[in-house]
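Notes follow once the structure below has been shown.
The values are calculated or read from the model by the stated rules, or taken from the named source; none is laboratory data. As the structure is a prediction and not an experimental result, all values here were calculated from the model. Here the Cβ positions follow ideal geometry from the backbone for every residue, glycine too, while neighbour counts run over all protein chains shown. Please note that ligands, DNA and RNA were not included when accessible areas were found on the heavy atoms of the full protein model with its side chains. Shrake-Rupley method; radii C 1.70, N 1.55, O 1.52, S 1.80 Å.
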Amino acid sequence: MTKKKKQSAPTRRGFLKQSALTAMSIALGTKVVFANYLPADMLPIALTDATDFFDLKGKHPDLIVLNDRPINAETPPHLLDDALTPNELFFVRNNGIPPKNIDTKTWTLTIEGESARQSKSYTLADLKAKFASYSYDITLECGGNGRKEFNPPAKGNQWNLGAVGCATWTGVRLKDVLQDVGIKSDAVYIGYYGKDTHLSGDAKKVVISRGVPIEKALEEESLIAWEMNGQAIPMLNGYPLRLIFGGYPASASGKWLHKIVIRNKVHDGPKMTGQAYRVPCKPVAPGAKVAEKDMCIIEAMPVKSLITFPKSGATIKLNQTLPIRGHAWAGAKQVTEMHYSIDFGSTWQPCTINAPKNRFAWQHFTANVRFPETGYYEVWARATDSDNIAQPMLLPGWNPKGYLNNACHRIAVKVV
Ligand SMILES: Nc1nc2c(c(=O)[nH]1)N[C@H]1C(S)=C(S)[C@@H](COP(=O)(O)O)O[C@H]1N2
Ligand SMILES: [Mo]
């Protein structure tokens, strides 16, 4: 009897009727817990102000959240230990607000632009039916990964180490689609447009529209992808369709993709111009002001590696061997050598490094580390690429926006 009473409509003065409460809960996607106490003339603020709930939908709770509007979250190195980064652990870098109420049946991708022979649109079903699909393991790393370490500091997300991940991406080759549309001989660049919306709420403002040179767009591994590790791409990583360009800053890999333009000049969308994703063409002193004409677009991520096991702070016994492992990557190049140091970089020992599954996939390394006596150590890891360029031990060249920090990863180890 008492139970039944609890479930019936509230009876306090001026209460909303049960049907109104139900409607409200549906609109909010969850129940209004203290609805009984909500004054009759008041609507939940989330309904009236169209609140964007901070929702790390489908993401692991241990991601480190840098921002909630837009959402930016990175993966701690020890959670990048898998050969391929699971979807829930893959970092998120949003510049705006992801689209809502996506209908994959009506979603279209349009290709146009001054260097396209025509304007042509494809549904997701068209893309899947018309073109062969391919899967590649491709590393994505935000151009600003590691920004936190630069001094003088650079504005922007203060990424530490984890704005990077490697997943199997499945989709069609961008080149097959571009060729189906027809590329004029004067094409030099492509640009993307996504369905995310600007933080200002202005529907006409484009959040970000970057791109790559046409030669990059036509590479075999350049994909229009709908699958990540065999599943639909997570909402926050660009569902239902995104571009994937290996070796470039991940900002080129447009999410929520709905339009590609083939350009007869370097694409000039938001975040393509000025200082965005550009570094000084020649090295500058820390803190220097660099004129725009002296800034060059980043077209390759540098050689880099991460120790993903053990987690920094491991303690082992003196007579034990510490197995270490991690991943290394080098833009469009290969990592040819991998070393570790336990004496702050004075001497380096070789690690075993595997070949990449395909170009642009990260490579796995392992080593068995022994320590000479008890005490505090750091294990440093250093990758060398096929041009014999190694990671810097401390910091690479300073640049105004804090891009391309590929300093060696260090972990702390206590030997007892
Ligand atoms: N439409 C759209 N595409 C985008 C972005 C964005 O904000 N909107 N961010 C870019 C940046 S800066 C990065 S680093 C990558 C991040 O991809 P991820 O969130 O899947 O890790 O997406 C890129 N593509
Ligand atoms: Mo980025």
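So, in region 143-158, how many residues would count as being within 12 Å of ligand 1 (Cβ to nearest atom) and open to solvent by 10 Å² or more (accessible area, probe 1.4 Å)?
3
Condition test on residue 282, is it basic (Lys, Arg), within 13 Å of ligand 1 (Cβ to nearest atom), surrounded by fewer than 17 Cβ atoms within 10 Å (Cβ to Cβ) and in a loop (DSSP other than H, G, I, E, B)?
Numbers: basic (Lys, Arg): yes; within 13 Å of ligand 1 (Cβ to nearest atom): no; surrounded by fewer than 17 Cβ atoms within 10 Å (Cβ to Cβ): yes; in a loop (DSSP other than H, G, I, E, B): yes.
Spelling it out, it is not the case that residue 282 is basic (Lys, Arg), within 13 Å of ligand 1 (Cβ to nearest atom), surrounded by fewer than 17 Cβ atoms within 10 Å (Cβ to Cβ) and in a loop (DSSP other than H, G, I, E, B).
Any residue at all in region 46-55 that's touching a strand residue (DSSP E or B) at 6+ places or on another chain (Cβ under 7 Å), of a type in the set (A, V, I, L, M, F, W, C), surrounded by fewer than 21 Cβ atoms within 10 Å (Cβ to Cβ) and within 30 Å of residue 324 (Cα to Cα)?
no
Just give me the residues in region 257-272 being more than 14 Å from ligand 2 (Cβ to nearest atom) and either out of contact with any helix residue (DSSP H, G or I) (no Cβ under 9 Å at 6 or more places or on another chain) or not assigned by TED's automatic domain parsing to the domain that holds residue 118 (or both), in sequence order.
257, 258, 259, 261, 264, 265, 266, 267, 268, 269
Which of the residues that make up region 92-142 are within 16 Å of ligand 2 (Cβ to nearest atom) and either touching a strand residue (DSSP E or B) at 6+ places or on another chain (Cβ under 7 Å) or open to solvent by less than 10 Å² (accessible area, probe 1.4 Å) (or both)?
Passing the criteria: 92, 93, 94, 96, 138, 139, 140, 141, 142.
Given 298, 316, which one is farther than 30 Å from residue 415 by Cα and either open to solvent by less than 30 Å² (accessible area, probe 1.4 Å) or among the β-branched types (Val, Ile, Thr) (or both)?
On inspection, the qualifying residue turns out to be 298.
Could you run through region 221-252 and say how many residues are acidic (Asp, Glu) and within 16 Å of ligand 2 (Cβ to nearest atom)?
Adding up the residues that qualify gives 0.
Starting from region 162-180, take each residue that is in contact (Cβ under 8 Å) with a residue 60 or more places away in the chain and list its partners that are part of a strand (DSSP E or B) and within 16 Å of ligand 2 (Cβ to nearest atom), counting only C-beta distances under 6 angstrom and pairs at least six apart or across chains.
So the pair list comes out as 162/74; 163/74; 164/141; 166/139; 169/138; 169/244.
Step by step: first the residues of region 192-220, then only those that are part of a strand (DSSP E or B) and away from ligand 2 (no atom under 16 Å from the Cβ), then the one that is farthest from residue 70 (Cα to Cα). Which residue is that? Even if it seems obvious, please write down each step before you answer.
Narrowing region 192-220 to residues part of a strand (DSSP E or B): 192-194, 197, 211-213.
Okay, now just the ones that are also away from ligand 2 (no atom under 16 Å from the Cβ), so 193, 197, 213.
On the way: 193: 17, 197: 10, 213: 28 Å.
Across region 192-220, the extreme among qualifying residues is 213.
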